[in-house]
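Below you'll find the structure, written out as structure tokens, and then a few comments.
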Amino acid sequence: MENNQKKILIVEDDQFLREFYQELLMQEGYLVDVASDGAEGEAKLNQGGYDLVLLDLMLPKKDGVTLLKEAKFKTPSKPIGAIVILTNLGQESLIKQCFDLGAAGYLIKSALNPDQVLAEIKSYFKNK
Amino acid sequence: MFNFFKKSQSQQSGVPKKRESLESLWRLTKILMENLEFEDVVYKTVNSLLNELGYLKSGYRIVVLSLVDEEAGGLRRIALSETEEARRATSVSTIPFERIVIPFSATQNLGIKVLMSGKPEVTTHWPDLLSPPLTAEAALTNQRSAGITTSMVYPVFARGKAIGTLIFSMVKKYQDVTEEEKDLLWGFTELIGLAVENSMLFTKLKNTSQQLTQANNKLQQLDQLKDDFVSVASHELRTPMTAIKSYAWMALNRADVDLSEKLKKYLVRVLMSTDRLINLVNDMLNISRIESGRIELLPEAVDLISLSKDIIDEVYYSKSIEKPIKFHLLEQSLPKVFADPNKLRQVFLNIVGNALKFSPPGGSIIIGFFTDGQSVETYIKDEGPGISKDDISRLFKKFGRLDNSYTATASSGGTGLGLFISKSLIDLMHGKIWAESEGVGKGATFKFSLPIATNELVEHADQYQIKPAGDIRELEPAAL
């Protein structure tokens with residue numbers, strides 16, 4: 001499978017959702033790493049080496065917008081591919097802010113079916 | 001008038017005094033009219049006669065205003081002039097001045113008597129004024145301490161009703177009170193009645209207005225709390241709802257065992273119900289935002305034909321797979337409208353979604369347009385069950401879902417809020433939205449009109465933007 005080489009980081013504090021996306025993506029053949037709060041997310045982002053990051057915004061310890069902001073100005077040890085926001089927050093101004101900070105996409109969890117999330121993820125790899 | 005007075009003055013000896021009385025009354029009127037607050041009016045009432053009108057010189061020493069207090073069941077002492085005699089009387093009194101209430105049942109008390117009869121009385125014996133509640137002995141002590149010889153009690157009227165009394169206490173005998181003085185005291189008490197009544201009304205009105213302001217502030221705080229609550233609750237609700245939806249989807253689509261048809265049906269219903277819950281939360285959040293002014297509107301020129309095509313595509317692929325429906329888009333050359341594309345899309349989706357929801361399988365939905373050069377009217381016509389005349393007025397109200405369409409909602413995810421939101425959004429975009437139906441069984445047509453995007457409107461689009469009022473909370477759940 002071509003997906004084999006693709007490595008995805010999921011930063012999500014809700015255990016059930018984190019494990020859900022992990023399972024969903026692994027079934028599709030992706031390599032999946034997870035972080036359950038902002039601090040863990042920060043450490044893994046600094047390390048780098050992901051083709052795609054799915055980043056929640058409301059996170060304990062450090063919120064997603066801050067992580068996104070920091071990622072923009074930091075150079076990780078290994079490069080990071082696209083950062084896609086996957087959240088249930090969605091004020092227009094917030095979405096705009098995330099795109100301004102370099103987010104490649106903005107997905108709203110409750111509005112999408114899992115297959116739609118998968119389709120979006122595939123599209124980021126295709127566009128690359 | 002002036003000449004008449006001058007002439008009279010020189011000819012008649014009684015008239016100058018009459019004129020003095022009139023002038024005094026006029027001055028009193030002025031003093032009392034300057035004040036509207038109850039506290040000020042009663043203060044002036046008991047002091048102005050002695051000071052401003054110089055009645056101290058005529059032997060007057062204490063003026064006391066009492067008013068009917070229905071709650072206390074008696075005549076309550078309200079105000080007392082600021083004189084040395086008054087101070088001496090209160091300093092020895094067994095009951096503080098402001099706590100003296102003469103019960104209505106004490107009919108031998110001159111205050112109550114005057115109140116009942118409406119006629120003035122005179123006494124040289126203070127127990128007539130203060131007992132009960134004071135003992136005769138205590139009342140006499142007060143009188144001796146003040147050094148008062150005579151007290152006259154006058155009724156105070158307002159709108160023909162006795163509302164209290166005025167007591168004028170003097171260091172002279174009643175025989176020495178002139179007719180002019182008596183005339184003036186009558187005039188004075190009449191004036192006091194009106195002034196007190198007005199000030200009571202004014203103060204009551206002011207208090208009521210203050211209470212209303214407070215109540216209004218409180219309501220605004222509560223409203224803010226409600227908005228905050230809806231905002232936080234909707235996010236907190238959405239996380240578990242997303243988990244339910246995700247795992248139900250997983251069970252249905254990625255199960256590692258074969259599912260029975262029954263199990264599939266159950267899971268589909270879990271998914272549909274979760275979607276319905278999510279919609280409801282979204283709608284409530286939308287309404288909360290619209291009502292609290294935290295909505296953003298960025299109008300621009302929008303092409304209705306291409307928007308319609310997008311909507312049909314979206315709805316067709318997501319929904320009409322479940323139900324075969326034919327869409328007919330009546331294309332024509334059309335000016336662009338001035339609207340926020342995202343909000344218009346939301347309205348459009350809602351109406352087309354409704355049409356689809358209520359259309360019979362195999363039915364048609366027509367989307368067409370009409371323009372009068374000022375605005376463009378979009379209509380969406382379905383072959384659904386139609387709407388009765390009575391129900392049409394309820395359509396755009398909050399939770400205005402109709403009884404006969406209720407059964408359809410369990411499977412359609414309706415919340416009863418969609419049309420209310422659509423109307424709010426169209427209103428904000430200076431448009432109109434309404435529904436027409438020939439009646440039950442004859443389908444329905446929903447129409448909305450929006451202003452044409454003239455060059456002038458588009459050039460000054462920033463003037464028509466609506467920015468969220470107040471602080472934008474940084475992390476807010478998505479309203480879709």
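The values are calculated or read from the model by the stated rules, or taken from the named source; none is laboratory data. Source: prediction; values computed, not measured. Cβ sites come from the backbone with ideal geometry, for glycine too, and all protein chains shown count toward neighbours.
Is it fair to say A:Gly81 is under 25 Å from A:Ser123 (Cβ atoms), part of a helix (DSSP H, G or I) and under 11 Å from the mean Cα position of the chain (by Cα)? No: the conditions fail for A:Gly81. Is it the case, given these coordinates, that A:Pro79 is touching a residue at least 12 places away in the same chain (Cβ under 8 Å), surrounded by fewer than 13 Cβ atoms within 10 Å (Cβ to Cβ) and either over 30 Å from B:Ser231 (Cβ atoms) or at the interface with chain B (Cβ under 9 Å from one of its Cβ atoms) (or both)? Yes: the conditions hold for A:Pro79. Close contacts from region A:11-32, counting a first residue that is hydroxyl-bearing (Ser, Thr, Tyr) and a second that is surrounded by fewer than 18 Cβ atoms within 10 Å (Cβ to Cβ), with Cβ to Cβ under 7 Å and a gap of 6+ residues or different chains, come to A:Tyr30/A:Asn3.
For (1) surrounded by fewer than 14 Cβ atoms within 10 Å (Cβ to Cβ); (2) more than 13 Å from chain B (Cβ to nearest Cβ), each residue gets a yes or a no:
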| position | (1), (2) |
| --- | --- |
| A:Met26 | yes, no |
| A:Ala35 | no, yes |
| A:Lys44 | no, yes |
| A:Gly48 | no, yes |
| A:Leu52 | no, yes |
| A:Thr75 | yes, yes |
| A:Ile95 | no, no |
| A:Asp115 | yes, no |
| A:Phe125 | no, yes |
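Here A:Asp51 meets each of (1) in a strand (DSSP E or B); (2) in contact with a Ser or Thr (Cβ under 8 Å, 6 or more places away or on another chain) with one exception, condition (2).
In this structure, is B:Leu344 crowded, with 19+ Cβ neighbours inside 10 Å and either more than 45 Å from the chain's Cα centre (by Cα) or of a type in the set (A, V, I, L, M) (or both)? So B:Leu344 fits the description; yes. Looking across B:Ile366, B:Ile392, B:Ile380, B:Ile295, one residue alone is more than 30 Å from B:Gln224 (Cβ to Cβ) and within 36 Å of the chain's Cα centre (by Cα). It is B:Ile392.
For (1) modelled with pLDDT under 85; (2) assigned to a helix (DSSP H, G or I); (3) farther than 30 Å from B:Arg289 by Cβ, each residue gets a yes or a no:
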position	(1), (2), (3)
B:Ile167	no, no, yes
B:Thr213	no, yes, no
B:Asn217	no, yes, no
B:Val232	yes, yes, no
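Within region A:59-81, the set of residues being at pLDDT 90 or above and not charged (D, E, K, R) comprises A:Leu59, A:Pro60, A:Gly64, A:Val65, A:Thr66, A:Leu67, A:Leu68.
Is it the case that region B:171-192 has a residue that's in a helix (DSSP H, G or I) and within 30 Å of the chain's Cα centre (by Cα)? There is no residue in region B:171-192 that is in a helix (DSSP H, G or I) and within 30 Å of the chain's Cα centre (by Cα).
Restricting to region B:263-308, and then to whatever is in the same structural domain as B:Lys343 (by TED's automatic domain parsing) and within 25 Å of B:Lys357 (Cα to Cα), can you tell me which residue is surrounded by the fewest Cβ atoms within 10 Å (Cβ to Cβ)? Result: B:Ser306.
Within region A:97-106, the set of residues being at the interface with chain B (Cβ under 10 Å from one of its Cβ atoms) and either part of a strand (DSSP E or B) or within 15 Å of the chain's Cα centre (by Cα) (or both) comprises just one member, A:Tyr106. B:Ile305 passes every criterion in (1) modelled with pLDDT of 90 or more; (2) touching a helix residue (DSSP H, G or I) at 6+ places or on another chain (Cβ under 9 Å); (3) among the hydrophobic types (A, V, I, L, M, F, W, C) apart from (2).
Any residue in region A:108-123 that is touching an Asp or Glu at 6+ places or on another chain (Cβ under 7 Å) and closer than 24 Å to B:Arg238 by Cβ? Yes, region A:108-123 has at least one match. Identify all residues within region B:267-277 that are facing chain A (nearest Cβ under 10 Å) and either among the hydroxyl-bearing types (Ser, Thr, Tyr) or within 15 Å of B:Trp249 (Cα to Cα) (or both); write none if there are none. Selection gives B:Leu271, B:Thr274, B:Asp275.
Of the residues that sit in region B:224-266 and are touching a residue at least 60 places away in the same chain (Cβ under 8 Å) and either of a type in the set (Ser, Thr, Tyr) or within 11 Å of chain A (Cβ to nearest Cβ) (or both), which one is farthest from A:Val117 (Cα to Cα)? Step by step, filter region B:224-266, then rank; the result is B:Ser231.
The residue of region B:45-77 that is surrounded by the fewest Cβ atoms within 10 Å (Cβ to Cβ), among those that are of a type in the set (Lys, Arg) and within 26 Å of B:Asp176 (Cβ to Cβ), is B:Lys57.
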